[in-house]
Structure formats: C-alpha cells, structure tokens
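Just below is one structure, and these are the notes that go with it.
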Amino acid sequence: MQISQNSVVTLHYTVSTEDGTELDSSTGGEPLSALLGSRFLISGLEEALQGKAAGEKFDVTVAPEKAYGERLDHLVQAVPASMFEGMDVEPGMQFRATTDAGEQSVIVIEKTDDEVIIDGNHPLAGIALSFEVEVLDVREPTEDELAHGHVHGKGGCNH
C-alpha cells in the first residue's frame, strides 16, 4: 500500500539541522505512528511521505516554510521585568503568554534589571530540517482514528 492522505504511517526517523546537528531520532526506540493529514507531522515531511510504501528509506530536507515557518522579528519583544516579579527568570525558560492572537509559548532570550526579551517564534523557526526516514508500515485508519484525528495505540484511545 502506498502512503496517501489519511494513511496511518509507522516510521523511524532521524531529524537534523543542515549542519548535521541531530535534534531527535526514533532509531533504537519506539517508532513513530501518525495519521497523515492530521497536522501531527510538519507539512514538508507529510509531502515527502506521499507515494512511499513500507520498506522504503529516503532522505529529505524540508525548508523552513514547510517546517516551523520563517522567523518573524515582531515575535521578539521586550516586556517590563516587573511582569515577572517574584519569579527567577533566566534565558531559555519557556512560558505560556496571552497575546492578541491568543495563548502562545514564548522563550526568554535575555534578561536585564528592567526588561525581559521574549521570543514567540518556534525554536526551530527559520531552520531547514534534514530527515532520514524508514517507512515501517502503512495502513488504512480505523473509523475512530479518523474521527479523533490521531492514531490509536494497541489498547485503543482514552479520549
């Protein structure tokens, strides 16, 4: 069976930056299963999987716009340090923030006595990602998986 929209795909992967820095891998562990079209995988990887079959191995580089998007300068903002009063804020910390666009994750990138610089970009925004993929299995989804929009494990879904 070839992979198409709404296929359940089980795969092993390794994802790296273009300079070869490994970010994540399922190799040596549990494979990843995903329902294509559910937005669980980045769009560039979903596109690369289309037409593949169990047993295939391939490499693909996904441009930022098909991964986590380009970096947006307006998502980097200075906010008053007083907003974090009573908290020990350090660069690298992540918070949920209420913005004009709703709830959003932000990362502290710098702190001074007067202000905290936060970044609302995804940590991988602006980065091309290189994947090594081995397709282990392809199958049709169950009706429940389609209705819920995700793959169910061996024991089913608790949602």
Under 8 Å for C-alpha pairs, at least 6 residues apart: give me the relative contact order for region 47-159, rounded to a whole percent.
36
Please get the size of the charge dipole for region 45-99, origin at its Cα centre, with Cβ charges of +1 on Lys and Arg and -1 on Asp and Glu, quoted in debye to the nearest 20.
160
Report, please, the projected area of the chain averaged over directions, based on the convex hull of its C-alpha atoms, in nm².
12.1
Please work out the Cα center distance from region 46-62 to region 12-44, rounded to the nearest Å.
11
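FRET efficiency for Glu140 and Phe40, Cβ-Cβ distance as r, R0 = 25 Å, nearest 0.05? Display every interim value, and only then the final one.
On the way: r = 17 Å, r/R0 = 0.67.
E(calc), rounded to 0.05, equals 0.90.
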Given charges of +1 on the Cβ of Lys and Arg and -1 on the Cβ of Asp and Glu, with all other atoms neutral, how large is the dipole of the chain about its Cα centre, in debye to the nearest 20?
620
Between Asp114 and Glu22, what is the label-point separation in nm under the 7 Å Cα-to-beta-carbon projection?
4.6
Can you tell me the length gained on complete extension of the stretch Glu132 to Gln104, counting 0.36 nm per residue apart and subtracting the Cα distance?
7.1 nm
For Asn6 paired with Asp88, estimate the spin-label separation in nm (one decimal), with each label point 7 Å from Cα along the Cα-to-Cβ line.
5.2
Over the chain, the sum of -39500 (n - 2.57) across DSSP H runs of at least four, divided by residue number and rounded to 500 deg cm²/dmol, gives at 222 nm -2000 deg cm²/dmol
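Taking only protein heavy atoms into account and a 1.4 Å probe, give the accessible area per residue of region 1-42 in Å². Don't skip to the end; give the middle numbers.
Numbers: 2340 Å² over 42 residues.
That works out to 56 Å² for each residue.
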Listed highest first by mean packing, meaning other Cβ atoms within 10 Å per residue, what order do 140-151, 123-134 come in?
123-134, 140-151
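Stretch Glu30-His74 to full length: gain in nm at 0.36 nm per residue minus the Cα-Cα span? Don't skip to the answer; put the middle values down first.
Working: separation 44, 0.36 × 44 = 15.84 nm, distance 3.82 nm.
Full extension of this stretch gives 12.0 nm more.
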Per the charge dipole of the chain (beta-carbon charges, Lys/Arg positive, Asp/Glu negative, Cα centre), the residue among Ile117, Thr14, Phe95 reaching farthest to the positive end is Thr14
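The values are calculated or read from the model by the stated rules, or taken from the named source; none is laboratory data. Everything numeric here is computed off the predicted structure, so don't read it as measured data. Reconstructed Cβ throughout: ideal geometry from the backbone, glycine too, with neighbour counts over all protein chains shown. What goes into the accessible areas is simple: the full protein's heavy atoms, side chains included, and nothing from ligands, DNA or RNA. Shrake-Rupley method; radii C 1.70, N 1.55, O 1.52, S 1.80 Å.
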